[in-house]
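I have placed the structure first, in the form of structure tokens, so that the comments after it can refer back to it.
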Amino acid sequence: MNAHHQSHVAQALAHYFGIDAHARFRELQLKRDLGLQPLNLVMFVLELEEADGPPFDFAALDSVVVVDDLLCVVDDWLSQRDAALRQEAALVGDWVA
């Protein structure tokens, strides 16, 4: 897991939904404690998506129950995106050189 991604996503989630990222934030159940519905999660992820990199697999949200689950799913996706962008940059660098 990428600590930077996790921290960034946790801050973004707290801000997006107008909640306080307190010490037990990662343990909160998205539906029960925060009242979030699946569409809320989709909208949150869409805010993070960019034009480049692999698209987010929204089916991965089916297994999300607590904030930490969401952070892990988004962290995995961001790590894949970063790797794809690094690979693309390396290919462009090889082509230019």
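Laid out as a table, the results:
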read-out	value
Conditions (1) without any contact (Cβ under 8 Å) to a residue 40 or more places away in the chain; (2) out of contact with any strand residue (DSSP E or B) (no Cβ under 8 Å at 6 or more places or on another chain); number of the one not met by VAL9	(1)
When residues of segment 64-97 are limited to those that are of a type outside the set (A, V, I, L, M) and farther than 21 Å from ALA3 by Cα, the one modelled with the lowest pLDDT	ASP94
Residues (over 30 Å from ARG24 (Cβ atoms) and of a type outside the set (Asp, Glu)) located in segment 52-90	GLY53, PRO54, PRO55, ALA83, ALA84, LEU85, ARG86, GLN87, ALA89, ALA90
Qualifying residue in segment 10-17 (condition: at pLDDT below 85 and more than 22 Å from SER79 (Cα to Cα))	yes
Subset tally (residues that are at pLDDT 85 or above, over 16 Å from VAL9 (Cβ atoms) and part of a loop (DSSP other than H, G, I, E, B)) for segment 45-63	1
Members of segment 23-34 found to be outside any helix (DSSP H, G or I) and surrounded by 10 or more Cβ atoms within 10 Å (Cβ to Cβ), listed by number	LEU28, GLN29, LEU30, LYS31, ARG32, ASP33, LEU34
Failed criterion for ARG32 (all others in (1) in contact (Cβ under 8 Å) with a residue 12 or more places away in the chain; (2) farther than 16 Å from LEU78 by Cα hold)	(1)
So LEU41, is it surrounded by 13 or more Cβ atoms within 10 Å (Cβ to Cβ), modelled with pLDDT of 85 or more and under 27 Å from ALA83 (Cα atoms)	yes
Any chance VAL9 is farther than 11 Å from VAL67 by Cβ, among the hydrophobic types (A, V, I, L, M, F, W, C) and part of a helix (DSSP H, G or I)	no
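The values are calculated or read from the model by the stated rules, or taken from the named source; none is laboratory data. Model, not experiment: these values are computed from the prediction. Don't worry about glycine lacking a Cβ; one is built from the backbone with ideal geometry, like all the others, and counts go over all protein chains shown.
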